[in-house]
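Chemist: Starting off with a structure, shown below.
Since every read-out is calculated from the coordinates, none of them should be taken as a lab result. Keep in mind that this is a model prediction, so the values were computed, not measured. Note: ideal-geometry Cβ built from the backbone for every residue, glycine included; neighbour counts use all protein chains shown.
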Amino acid sequence: MKSPASPESPQAPSSGRLRFGDFVIDPQAAQLLRQDRPIELRPKSFEVLCLLAQNAERVVSRDELAAAVWRGRVATDESIAQCISDIRRALGDADQHLLQTVPRRGYMLKAPAQQMQAAPAVVQVPAPVGGAGTERPSIVVQPFANISEGARLDMLARGFTEDITTGLARYPQLFVIGRDSARVFGEAARDARAVGHAAGVRFVAQGSLRWSAGQVRITAKLVQAQDEAVVWADHFDGAEEQLFTFQDEIVGRIVAALVDSVDRQSHRRMRSSGTDSLSAYELFLQGRELRRTATLANFPQADALLERAIALDPDFAPAHGELAYLQHFYIGLRTTARSRAEKLDIGMRHARRAYELAPDLPLASLVLGNLHMRAHDYPEAERWSRRAIRLGPGDGENYAGLANVLSFWGRSEEAVDLMRIANRYDPIRPPMHEFYLARALAWTGRYEEALPLAQSCIGRAPGLWVCKMVLVVVLAHLGRMAEAAAALADWQEQCGPGAPQDYLDRGDTVPGPEFDRMREGLRLAGVAEG
């Protein structure tokens, strides 16, 4: 019998916590932690890290990784390398001090890993919005599994899962865990009891997609997390062009199984604002993923993909909405005055088209709110943003959108409260949400609270320079001048020496006490106003 430590037989990750260096791996909660703060990792990358930690201080080959993590499906060198890159970024290990590549052999986690006593998940979902006594059914939609050969369905499965989550979030009767948290809670394990405990919900929706010769089978079930009793289960078979009809039916049936009192009219077609073109939908998903990176270098490709989706289906409202949202981020991540006007015009045109095609699409109202903010029409920005919340009361993204608008308008106290609500729906908050909350706390003078959020945002999304701007202001107000100067230099290295002054001159923040607090922080850090 081979030793567990032999190169041919890596140990499988256990369900207990593992500590190495300053980090803790919690498989039950599907989390990587540093000083009790979660660090975002894609599910496959998290599984790779678990395996490396369980086999710390020995080389794990690519074949071993593929067999243990991809479980018989094809794992390309590129996909493994991407996971390793993700892990190094999460660990802040650019110099490979912790995670070493051993040429022609594999990878090794060089730090010893120690087993810890099992502990409950650190991230807990607070009581549903609405106060104590609210008994709304709570649900998390686990990522639907692609059980076909090849990777074509991987992105479609992610998009399918998110569309179901978004559809359920339209119902104020339900408390729905947001997409980013659902991915972290749900993909590391298929155990409904563990997922339900980690997410703090009563129900777990699970499913899979199988594709063969133009035919698709979708299976779905609703599981009660406490005892893993199956509340409802069904499967749907048909040609690929029926995919979206299946999706509508699944959402309707899950809602009906959860809330008997849901108005029967609410079971209408959930994708009436969508598309029947599978090619357009795939392009839309790719463009949306690139936009969500909040990385300027990815935006031209996202732009092209979304334009192609619209060319295939000019009435695809979500694609118009995403293209409009992309222009909002273009502007926020700095453009020239002429380019800003062009992006604003393009964004408004597509946002209004999305609204014309689908007035009840929350994304259309969300992006109209943010674009009106970029146009400095703050009352209209607030009106549209609040409308997005009314249309999608269970989607944390809509609360974050309004928080963003209000922070630019000098109303960051309200923004803090809105971000607390957003984080109830999406407790594994995306980096952009960390920025929104860090900024709102900083602009209201709560620097100690803002500091770890700004630092975490930079660690998770180094390209998101606005987090560096907040960090400079926070450190300066805390009197940590050397660190503030270093953060300022980092920001300028990324965006150019004139970036801080440009932000003061051409930013969207309304003059007032909050703007003064930001300006004073930059001045203390060494920005000399021109």
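Chemist: Counting only other residues whose beta carbon sits under 13 Å from that of Glu483, what net charge do I get with K and R as +1, D and E as -1?
Modeler: Local charge sum for Glu483: +1.
Chemist: Compare the peptides 139-145, 410-416 by average per-residue count of other Cβ atoms within 10 angstrom and give them in order, highest first.
Modeler: 139-145, 410-416
Chemist: Given H placed 1.01 Å from N in the peptide plane, which residues other than close sequence neighbours of Val231 have an amide H under 5 Å from its amide H?
Modeler: The list, which skips near neighbours in sequence, is Leu222, Val223, Gln224.
Chemist: On the Cα set of segment 53-115, report Rg and Dmax in Å, please.
Modeler: 11.6, 32
Chemist: In whole Hz, what ³J(HN,Hα) sequence does segment 497-510 give by Karplus (6.51, -1.76, 1.60; θ = phi - 60°), x for Gly and Pro?
Modeler: Result, rounded to whole Hz: x, x, 4, x, 5, 4, 5, 5, 7, 10, x, 9, 6, 5.
Chemist: Short version: ³J(HN,Hα) in whole Hz for each residue of segment 88-95, in order, from phi by Karplus 6.51 cos²θ - 1.76 cosθ + 1.60 (θ = phi - 60°), x for Gly and Pro, what are they?
Modeler: 4, 5, 5, 7, x, 10, 4, 8
Chemist: Also, quick follow-up: Could you give the Stokes-Einstein D for segment 399-495 in µm² per second, using the C-alpha Kirkwood radius, 10 °C, 1.306 mPa s? Can you show the working numbers first?
Modeler: Values: Rh = 13.2 Å.
Estimated diffusion coefficient is 121 µm²/s.
Chemist: Compute the signed sum of charges (Lys and Arg +1, Asp and Glu -1) over the other residues within less than 12 Å, Cβ to Cβ, of Asp227.
Modeler: +1
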